[in-house]
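Computed from the coordinates by the stated procedures, all read-outs in this text should not be read as laboratory data. All values derive from a computational prediction rather than experimental measurement. Every residue, glycine among them, receives a Cβ derived from its backbone with ideal geometry; neighbour counts consider all protein chains shown.
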């Protein structure tokens, strides 16, 4: 695991996160921006016609401009890849973990976008930490000689399968695509004897009487298949979900207050209920417009720097 330390950690590299980063860098703060798998909503915007100064611009191109501007502050900003899998917030020094790194920071700005607002697998939220994990590298050693399943469809999932096998876990893979659509690393996985269940999705994770994960319920993703509606069950000790991360589960588990829609609650200064933790952009709900996201990011950055000055008595 890589270890990083910074003054301000920004979770998210969309308009809100990049805007916050620019303001923090201009204040000469040491900043890390986490760039996760989930694409910014701006990328999916075909045309933007209400950004001042641009009569008509593709969302992707506007985001590229934001990113280039942010990267120009390379002395103050590091942008690293990773999705948050665990958080310890509001206790002085904040600790944030991805699958490959641990980051400590004085301040955290949540700018994760709308992300995965609700659980995709029924039972995911209540079993997170009780048999469901988003990190094979962190939690894998707990399941040596036990049956574990991975759910995903990219190279990271295959790499984690190999790592779990090396740790001594009994590894199996469930993927919602056909084997032919998986990356070439699949051949290394096959050589280990890891069993792969293709064209399947997990619809529910079921706990036992003690509240620990007991089994998963799956069905086929192939509409032309005769057994499309056939339900299959698998007993296991742990499910590693590598297809998505339920952002509201992560933040709620860390003590961040959410509203009924799963949005992060903030005040007029973009402060959350936790000391030294701010939020901006689509993750806070409201009007999902790029101009609002950048404004909230700027406000969060300004107030995060103000908090740091008071914290360090500068």
Task: the range 124-241: relative contact order in percent, alpha carbon pairs under 8 Å with at least 6 residues between - done: 31
- [ ] Taking the Cβ of each residue in 149, 187, 143 as the centre, tally the other Cβ atoms inside 10 Å and list the residues starting with the fewest.
- [x] 187, 143, 149
TODO: May I ask you to give the average projected area over all directions of the convex hull of the Cα atoms of the range 52-92, in nm² rounded to one decimal?
DONE: 5.4
Open item on the list: Test of understanding: in a Gaussian network model of the chain with alpha carbons linked when under 10 Å, which of 241, 55, 194 would top the mean-square fluctuation ranking?
Closed with: 55
Open item on the list: I need 2, 260 ordered by Cβ neighbour count within 10 Å, fewest first.
Closed with: 260, 2
- [ ] Output the peptides 130-137, 80-87 sorted from most to least packed, where packing is the average of other Cβ atoms within 10 Å over each peptide's residues.
- [x] 130-137, 80-87
Task: Sorted by Cβ density within 10 Å, fewest first, the residues 292, 240 - done: 292, 240
Open item on the list: Per residue, how big is the convex hull of the range 124-241 when only Cα atoms are used? Give it in Å³.
Closed with: 98
TODO: Please give the FRET efficiency for residue 122 paired with residue 147, using the beta carbon to beta carbon distance and R0 = 22 Å, rounded to the nearest 0.05.
DONE: 0.60
TODO: Output the relative contact order of the chain, whole-number percent, from Cα pairs under 8 angstrom with separation of 6+ residues.
DONE: 22
Task: Cα-Cα P(r), the range 1-150, percent of pairs per 10 Å interval - done: 10, 33, 32, 18, 6, 1
Open item on the list: What whole-number distance in Å separates the alpha-carbon centres of the range 179-208 and the range 54-83?
Closed with: 35
Open item on the list: Using the basic label-point model (7 angstrom from Cα toward the beta carbon), what is the residue 289 to residue 221 distance in nanometres?
Closed with: 3.7
Open item on the list: Compute a Gaussian network model of the chain, connecting alpha carbons closer than 10 Å, and tell me which residue from 92, 53, 301 fluctuates the most.
Closed with: 53
Open item on the list: Restricting to Cα pairs below 8 Å that are 6+ residues apart, what does the relative contact order work out to for the range 1-91? Please round to a whole percent.
Closed with: 32
- [ ] Report the extension gain between residue 50 and residue 261 in nm, rounded to one decimal, defined as 0.36 nm multiplied by the number of residues separating them, less their alpha carbon distance.
- [x] 73.3 nm
Open item on the list: Sort 95-106, 68-79 by packing, meaning the average of other beta carbons within 10 Å per residue, with the highest value first.
Closed with: 95-106, 68-79
- [ ] Provide the three semi-axes, in whole Å and in decreasing order, of the ellipsoid equivalent to the chain as defined by the square roots of 5 times the Cα gyration tensor eigenvalues.
- [x] 36, 22, 18
Open item on the list: Pick from 221, 175, 272 the residue whose mean-square fluctuation is largest in a GNM of the chain, springs joining Cα atoms under 10 Å.
Closed with: 221
- [ ] Whole Å is fine, so just give me how far the alpha carbon centre of the range 289-314 lies from that of the range 94-151.
- [x] 27
Open item on the list: Taking the 0 to 90 degree range and rounding to the nearest ten, how far is the long axis of helix 59-71 tilted relative to the main principal axis of the chain, both from C-alpha atoms?
Closed with: 70
